[in-house]
1. If I fit a long axis through the Cα atoms of helix A:167-182 and take the longest principal axis of the Cα atoms of chain A, what angle between them do I get, 0 to 90°, rounded to 10?
2. Mind checking which of B:Leu213, B:Pro146, A:Thr136 is farthest towards the positive end of the protein assembly as shown's charge dipole, using Cβ charges of +1 (Lys, Arg) and -1 (Asp, Glu) about the Cα centre?
3. Using DSSP to call loops (not H, G, I, E or B), can you name the GluC sites (Glu not before Pro) in segment A:84-154 whose Cβ has at most 16 other Cβ atoms within 10 angstrom?
4. In segment B:2-342, if the dipole is taken from +1 on Lys/Arg beta carbons and -1 on Asp/Glu beta carbons about the Cα centre, which of B:Ile101, B:Ala63, B:Gly6 is farthest to the positive end?
5. Let me know the mean shielding of A:330-338 by other chains, meaning the per-residue number of their Cβ atoms within 10 Å of its Cβ.
6. Check cross-link reach from A:Lys409 to the lysines: straight Cα distance under 21 Å, and skip same-chain residues fewer than eight apart.
7. Relative to the Cα centre, what is the charge dipole magnitude of segment A:13-83, using +1 at the beta carbon of each Lys and Arg, -1 at the beta carbon of each Asp and Glu, and rounding to the nearest 20 debye?
8. Based on other C-beta atoms within 10 Å, arrange A:Ile432, A:Ile188 from fewest to most.
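Just so you know, all these numbers are worked out from the coordinates, no wet-lab data involved. Everything numeric here is computed off the predicted structure, so don't read it as measured data. With ideal geometry, Cβ positions are generated from the backbone for all residues, glycine too; neighbour counts draw on all protein chains shown.
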Amino acid sequence: MRGITKRYPGVVALSDVSLDVRRGEVLAVMGENGAGKSTLMKILSGAVMPDAGVIEVDGKPVVLNSITDATALGIALVHQELMLAGNLDIAANIFLGAEESRFGMLDKAAMHRDSGKWLDRVGLRISTRTLAGTLTAGQMQMVEIAKALSHNARILILDEPTSSLSHSESEKLFDIIGELKAQGVSIIYISHRMEEVQRLADSVSVLRDGKNVGHMVRAEATKEKIVSMMVGRELNNWYPPRRSFKGNTIALKVENLQVVGTRSPVSFDLWQGEILGFAGLVGAGRTELVETIFGITPPIAGHVELGDKRFTPTSPRVAIKRGIYLAPEDRKRNGLVLGMSVTKNISLPDIGNYLPRWMLRSGTELRVAQRQIDQLKIKTPTPRQLVGMLSGGTQQKVVLGKWLAMKPKVLILDEPTRGVDVGAKAEIYRQIRELADAGISIIFVSSEMEEILGMADRVVIMRDRKIAGIYPRDQVSQEIIAARMIGE
Amino acid sequence: MRRELGMAVAVAVICAFLWYSNHHFFGQYNVLDLLRTIGMLGILAIGSSLVIITGGIDLSVGAIVCLTGVLIAKLSSPSTGGLHYPIWVGISVALLVALLIGLFQGLLITRLGLQPFIVTLGGLMWIRGIAEVIINGRTISFGSSPFNNLANYGLLSIGHEAIFSYPFLGFIAAVLLGGYLLHMTVFGRYLFAIGGNRDAAYYSGLPVKRVELGAYIISALTAGISGIFYASFIQDAGPTVGHGYELYAIAAAVIGGVSLRGGEGTIVGVIIGTSMMEVINNGITMFQWHYHNSKGHLRTFHLGTHWQDFITGAVILLAVIFDQLTHFLNRRKRLKAQAAKAA
């Protein structure tokens, strides 16, 4: 790709960007959210037309007017959000849009036979008759890759492929990437995760603000170098400085809480002002546990004690009244009304308490929102901006803002930095620490071990929907957490 | 607000065209009649809009219009088939029944988690069914009951015609109340939030079910009120009254910019959408064209009322097509402007 330029209303998404991928090479493309990675990949996969620039495949310039054009040239994009039809089986998904037929009828036998071959190639050993909706995120990813390969993909674009995968699923994916590479498939790998990039990539290209800022081979690609290129400044400390935390009073006591779908009840204490990290593999039951504490799905048994008051969280309303707030894992689906303004999203949970009750005061509302915008440094052109138009990190801050406007006692953050770029991450870490310093108790759920170790005062490790161990920060290491997560 | 403005201009253009074809369109009689019909449909459309904004739908309002009229006629009509109770008894019972229907359907939808479409589709049938059973499939006239005056009288009369007919006054009240509810209260904000993203509303601790229930009750109540006016307007109650009105109400809301996806809409839009529906309806009878036939005699062309469905349907489609096209054009223009600025 040479000199690719693309403009969108208000922004130049890409300006004069070039990218080279050799046959059988893994090229990592890195950059903050909004750096232009997604746009570049959309252009390469034919979903979007560039305003200027050329794309060459095998040295010949090509024009990609549509995804079909790109597919014909062997370019396939596997989206971050997996796009399988859950009500169809694996074979039907793999051949979606390219069904095999005989005499005008679907040739299901052939499709099952052929899709089985593709599944073998990605190392997925399950029946092609399995409904896609019943697969784990990791398996879906493999099916997506199998689908791409079935179109004879020679250039495979993986957009944040591990964002919803467990540790072992990621490992499997890495193996398959290695095999594909050996078979001569070129892979463009987009990721925020430094470890993966260092491990997989033959070379790394970094984008910032829609421009190339660097290209290097693996040997040169140190974490510090990449990060400083991405954010344009030295970022030697992502996390706020360690603190020694000693709790005085218990803020939240979870007693024998039995989550729907589990057998064993869970108990733990949360000190006032503490950051309690929850580590575990995807599917270890962390989200289910915190959502039960917040009342999304009421517990089968057990209760929660806040201060001295005991209660059963039967709905979010009940939990919110007590001062327990949750910033959910999937903020677009559960955290925000994307078609509403920043102001209205921030005021949403609290507006029923504004006075007078029978008359909305847009002045009060705007003041409250503006305070959060200033405090959290929410990057929005105006408080009236629709939340759907903002970047992931900014949206996450809006979710935080709506709860911070209400003086939380316990704040549950479920994957608060998922899909958030590096710069905004550091900012969010700093703010979380400030809240804890101010006496707010925080439950911090994260799949990134590093983040847990960087932030938590104590670490709860979950495995198979049970607590596998609770450790003070200074008695735990990546190795211990990893071992406990997988059950040694 | 842009969409509302465009539709308002469209309504004005159509009015001008109708006036050009027939000067009686802006005659005193026709204007007052038009305002009255806008009032009756408008009350209905406001209630429906609240439900649509939550992302739901209420198909039962036309049947409630019918049942309300039938109940009043049965209880309070002085003529054959009526039970001769005072008129306020009939009206109170009718409104109470409307409220209970709204409560019942709302509970089915919110507490039992049934689809609004199917619950109110059932309502569309069984509610009208009850009305038919009550009057044995016949029509009860209000005879000489003073109830007939309700829709036809009002305040500030010129000659025999009231400038502000009671249905129109009722509409103004509904607009003020609906506008207040939608745009100035917490309840209204919750309606938009639920329609915009139900899950996020639930995760934010909003009383989602109670708010939705409220919307369905209000919808049924406005249907009841509208039903009273319609009954008084046509001066009798029969099994076919209000047939299809739920769809007119939905169409009025959608033309006025209320999104069927939920979370979008304004009270001003509903007023304009309703006006569009009723102006078209009225225009079909008012429209005329003078021409000379082959023998040189002056003739006048009229559209029959059998044209109504076709034209109304076409207007609804044109409205949404036009809206989508301007949407595309605006986006294209914005993109071009950006590109020009960047270059």
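1. Tilt of helix A:167-182: around 20 degrees.
2. Value: B:Pro146.
3. Working: sites: A:Glu99, A:Glu100, A:Glu144; in loops: A:Glu99, A:Glu100.
Loop-located and lightly packed - A:Glu99, A:Glu100.
4. B:Gly6
5. Numbers: counts 3, 2, 3, 4, 8, 5, 6, 12, 4.
That works out to 5 on average.
6. A:Lys246, A:Lys253, A:Lys309, A:Lys321, A:Lys397
7. Details: 5 positive and 9 negative charges, 28 e Å.
Dipole about the Cα centre, nearest 20: 140 debye.
8. Working: A:Ile432 22, A:Ile188 25.
By the 10 Å Cβ count, ascending, the order reads A:Ile432, A:Ile188.
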